[in-house]
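Remarks on the structure that follows.
The values are calculated or read from the model by the stated rules, or taken from the named source; none is laboratory data. Quick caveat: nothing in here was measured; it's all calculated off a predicted structure. Ideal geometry is used to build each Cβ from the backbone, glycine not excepted, and the neighbour counts take in all protein chains shown. Surface accessibility is based on the protein's heavy atoms, side chains included, excluding ligands, DNA and RNA. Shrake-Rupley method; radii C 1.70, N 1.55, O 1.52, S 1.80 Å.
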Amino acid sequence: MKSELIAVSEANDFIKAHDNFVIISHANPDGDTLGCAFALCRALQKLGKKAKNICADEISHRYDFMKKSVEVQDFEPQTYITVDVADVKLLGDLEKIYGGKIDLAIDHHISHVDFAKYLLIEPHAAAAAQTVYKVILELGGGELFDDQIAACLYTGISTDSGCFKYSCADPETHRIAAELLEYNFDHSELDYVFFDLKTKSRIELEKKIYDSIEFFCDGKCALVSVTKEQLDSIDPEDVNGISAIPRCIEGVEVSVVMKQRSNGSWKASLRSNRDVNVQKICSAFGGGGHERAAGCSFGSAGLDEAKQRIISEIGKVLG
Ligand SMILES: [Mn+2]
């Protein structure tokens with residue numbers, strides 16, 4: 001299904017004309033999809049609309065402050081919006097129930113695969129939260145913003161931009177974050193919780209990851225792998241952001257994190273430090289993402305075969 005591309009003002013006309021909203025986050029939710037969902041839900045509730053958030057997977061306790069920002073409302077759902085969802089498959093177990101019903105998708109993934117009736121997309125944005133910021137700004141002329149909405153959107157922007165360190169954090173990213181910082185929330189505490197704080201099991205996983213680092217392409221590619229046994233033994237939250245580990249090694253241009261799924265198959269998350277377009281590399285295997293961050297899967301291939309295939313594709317670019 002081809003989505004009709006719309007601008008912020010049209011998305012707002014759509015929202016104003018509808019009610020009883022279900023806002024859906026992607027499975028394995030992160031700060032951006034949740035920050036967008038809770039900020040938008042609170043804004044809609046403040047407008048007098050009925051709204052609720054749903055997600056296929058459990059939401060970590062780190063997001064409790066977001067959950068507290070919305071009222072739990074009971075109503076007959078009528079309008080379905082996804083936030084930060086690049087592909088209907090990423091709805092996880094909710095795909096079969098809501099997959100064909102999505103009215104509006106708000107996203108920022110260049111690899112977005114159409115599934116909604118209307119699509120509001122800003123592929124240059126560091127986070128979907130930047131677009132949701134604009135939607136809320138236009139919906140309420142600035143009146144809808146408050147400390148809670150600001151904290152949710154700030155978390156989305158900060159987590160998706162690696163705490164403003166990734167190249168996608170452009171002047172607009174900083175300007176929107178600066179506007180949000182005018183509200184009263186502890187951004188330093190949020191950044192500590194989302195970037196510095198680690199559980200003991202996370203540290204144990206990191207020890208194993210450091211032990212598994214392999215180098216290819218004259219040291220320009222670093223690869224680490226994590227088995228399903230290692231993943232099973234820890235909280236899924238503790239696995240987020242492990243791509244940052246090989247990517248900060250001097251001389252590494254492309255980093256690869258191989259993760260084994262519960263069915264035994266392998267997937268790769270690629271990160272690029274400079275010029276290499278990893279989205280292009282992953283698309284050779286039917287994957288997608290962004291220029292500097294992308295992923296793909298290898299079907300039934302074992303670890304050695306999957307590694308060989310991805311390294312050979314990376315080798316074509318890195319030489
Ligand atoms: Mn995002």
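Computed over protein heavy atoms with a 1.4 Å probe, the carbon and sulfur contribution to the accessible area of segment 4-195 reaches 49%.
Between LEU303, ALA177, SER9, the Cα set farthest toward the positive side of the dipole of the chain (charges on each charged residue's Cβ, about the Cα centre) is that of LEU303. Pop the C-beta distance of MET1 and ASP146 into the FRET formula with R0 = 45 Å and round what comes out to the nearest 0.05. So, using R0 = 45 Å, E works out to roughly 0.80. For segment 1-74, applying the loop criterion from DSSP together with a ceiling of 14 other beta carbons within 10 Å to the GluC sites (Glu not before Pro) yields GLU58, GLU71. For the options LYS67, LYS200, LYS267, a Gaussian network treatment of the chain with springs between C-alpha atoms closer than 10 Å singles out LYS200 as fluctuating the most. Normalising the average separation of contacting C-alpha pairs (under 8 angstrom, six or more residues apart) by the number of residues puts the relative contact order of segment 1-151 at 31 percent.
Each Lys and Arg Cβ is given +1 and each Asp and Glu Cβ -1; about its Cα centre, segment 187-295 then shows a dipole of about 360 debye. Relative to the Cα centre, the charge distribution of segment 51-207, modelled as +1 at Lys and Arg Cβ and -1 at Asp and Glu Cβ, gives a dipole magnitude of about 440 debye.
With Cα atoms defining each centre, segment 141-158 and segment 183-232 are spaced 28 Å apart in the structure. Distance between the C-alpha centres of segment 7-59 and segment 274-319: 33 Å, rounded to the whole angstrom. Pop the C-beta distance of GLU250 and ILE54 into the FRET formula with R0 = 45 Å and round what comes out to the nearest 0.05. Computed FRET efficiency for GLU250 and ILE54 comes out at 0.55. Among the GluC sites (Glu not before Pro) in segment 118-189, those located in a DSSP loop and surrounded by at most 15 other Cβ atoms within 10 Å of their own Cβ are GLU143, GLU182. The listed residues ARG42, ARG247, ARG261 rank as ARG261, ARG247, ARG42 when sorted by accessible area, largest first, using a 1.4 Å probe. I'd like the FRET efficiency for SER262 and LYS101, computed as 1/(1 + (r/R0)^6) with the beta carbon distance as r and R0 of 30 Å, rounded to 0.05. Given R0 = 30 Å and the Cβ-Cβ separation, E is 0.60.
Which Cα, out of VAL226, GLY286, ASN240, lies furthest along the positive dipole direction of segment 201-318 (beta carbon charges, K/R +1, D/E -1)? My answer, from the dipole projection, is GLY286.
The distance between label points at ILE110 and LYS68 comes to 3.9 nm (points 7 Å beyond Cα on the Cα→Cβ vector). Before anything else, pin down the relative contact order of the chain: Cα pairs under 8 Å, at least 6 apart, normalised by residue count, whole percent. Taking the mean separation of contacting Cα pairs over the length of the chain, I get 13 percent. Here the dipole of the chain is about 700 debye; that uses its Cα centre as origin and unit charges on the Cβ of Lys and Arg (positive) and Asp and Glu (negative).
The residue among VAL317, GLN260, CYS217 whose Cα reaches farthest toward the positive pole of the charge dipole of segment 201-318, with charges on the beta-carbon of Lys, Arg, Asp and Glu, is VAL317.
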